[in-house]
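**Student:** Take this structure first; my questions come after.
The values are calculated or read from the model by the stated rules, or taken from the named source; none is laboratory data. Owing to the predicted nature of the structure, the values given are computational and were not obtained by experimental measurement. Note that we place each Cβ from the backbone using ideal geometry, even for glycine, and neighbour counts take in every protein chain shown.
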Amino acid sequence: MSVDRLRNGLCDLGHTIQLFVPRYRETWQDDSSIRRIPTLMAFGQKGEFRLTNPFSARFRRCLRAFKPDLIHVHHPFGSVPWGCLWAVGSRCR
């Protein structure tokens with residue numbers, strides 16, 4: 001399942017969605033539900049896989065302001081433990 005399909009499905013059900021995604025060098029046309037977070041490092045032959053910086057103050061501020069009920073981590077490189085910590089720290093139900 002793609003992130004876009006998951007987001008659209010949850011929005012169709014009336015949920016408010018906030019995506020925290022890596023920042024790339026290229027400029028993107030993001031809507032208001034997308035927050036670009038500084039990248040800690042890039043992987044892959046062309047640097048196409050980005051690891052969002054879990055220590056970013058901007059990320060923590062945005063997450064606290066959003067007050068999520070659910071955190072879903074969608075990343076191929078070991079971000080799941082960070083997602084669990086964010087969920088506990090954000091007091092997700």
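**Student:** Just for strands (runs of 3 or more DSSP E) wholly inside region 1-66: which have at least 2 residues that are surrounded by fewer than 13 Cβ atoms within 10 Å (Cβ to Cβ)?
**Tutor:** Answer list for region 1-66: 39-43.
**Student:** To continue, here is another question. Search region 8-33 for residues that are over 16 Å from residue 66 (Cα atoms) and of a type in the set (D, E, K, R) and pair each with any residue that is modelled with pLDDT under 85 and not in a loop (DSSP other than H, G, I, E, B) when their beta-carbon atoms are under 9 Å apart and the residues are at least 6 apart or on different chains.
**Tutor:** 23/36; 23/37; 23/39; 23/50; 23/52; 30/19; 30/21; 30/36
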